[in-house]
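Enquirer: Please find one structure pasted underneath; my questions will follow.
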């Protein structure tokens, strides 16, 4: 190999490394958030603005939490992140919108929003106000919460001394896998053992749920089943 060909090979390798780095950078965007001020973020087809509020012991009692992050896309709220220090609840670090994962992360006392393409194998929370797609055009899973019913009451008449109260939420998911649509229903009480939905080529594991003020978040992970 002559010197010219060696230089050309080296240039191709360098350009390939640069291209790979750019693709990796484009697939994930990490934004440093500032408090109190709205921030505008452009990422692919998203036109986001965020509002981060951090409260302390001197803040008004009716405020929603110690840390609150609202994410809007074209002025429509697509994700809310709450962190309650006094009364810790389940914190959904990653939520999904369309085919993007939105992750709120605190690192070295800095607050970040991470945007990445939604893919199989990572837990995320799906809101009852939205729908989502995961995968590629040839291997796409679309999922949506189409019904949420909060059920409360007693399992026996008032004169039964052994009657017990119940409080449960019934969810119905509409799931489309490779063009085939099916509905699946389950109760929040079934989720404790990681409720699984078998889709043949894929599986969905329901990890947890939160129902509050007539809205809900369902945490799940969608896995692709390797064909034998």
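What follows is calculated from the coordinates using simple rules that are stated; it is not laboratory data. Bear in mind the structure is a predicted one, so any value in this text is a computation, not a measurement.
Enquirer: Tell me, how many Å apart are the Cα centres for the range 145-178 and for the range 192-222?
Expert: Answer, in whole Å: 16.
Enquirer: Taking square-rooted eigenvalues a ≥ b ≥ c of the alpha carbon gyration tensor, is the range 169-228 rounded, prolate or oblate, where a/c under 1.5 means rounded and, failing that, a/b exceeding b/c means prolate? Mind showing how you got there, number by number?
Expert: Values: a/c = 2.49, a/b = 1.71, b/c = 1.46.
Since a/c reaches 1.5 and a/b is larger than b/c, the shape of the range 169-228 is classed as prolate.
Enquirer: With the cut-off at 1.5 for a/c, could you classify the range 65-148 from its C-alpha gyration tensor as rounded, prolate or oblate?
Expert: Working: a/c = 1.94, a/b = 1.61, b/c = 1.20.
Judged from the Cα gyration tensor, the range 65-148 comes out prolate (a/c at least 1.5, a/b above b/c).
Enquirer: Looking at the square roots a ≥ b ≥ c of the eigenvalues of the Cα gyration tensor of the range 118-225, which shape do they give, rounded for a/c under 1.5, prolate if a/b is larger than b/c, or oblate?
Expert: prolate
Enquirer: Further question on the same structure: Pairs of Cα atoms under 8 Å, at least six residues apart: use those to get the relative contact order of the range 133-228, whole percent. Before the final figure, lay out each step's value.
Expert: Details: 169 pairs, mean separation 17.5, N = 96.
Contact order relative to length: 18 percent.
Enquirer: For the range 112-167, what does the relative contact order come out to in percent, with C-alpha contacts under 8 Å and a separation of six or more?
Expert: The normalised contact order for the range 112-167 reaches 22 percent.
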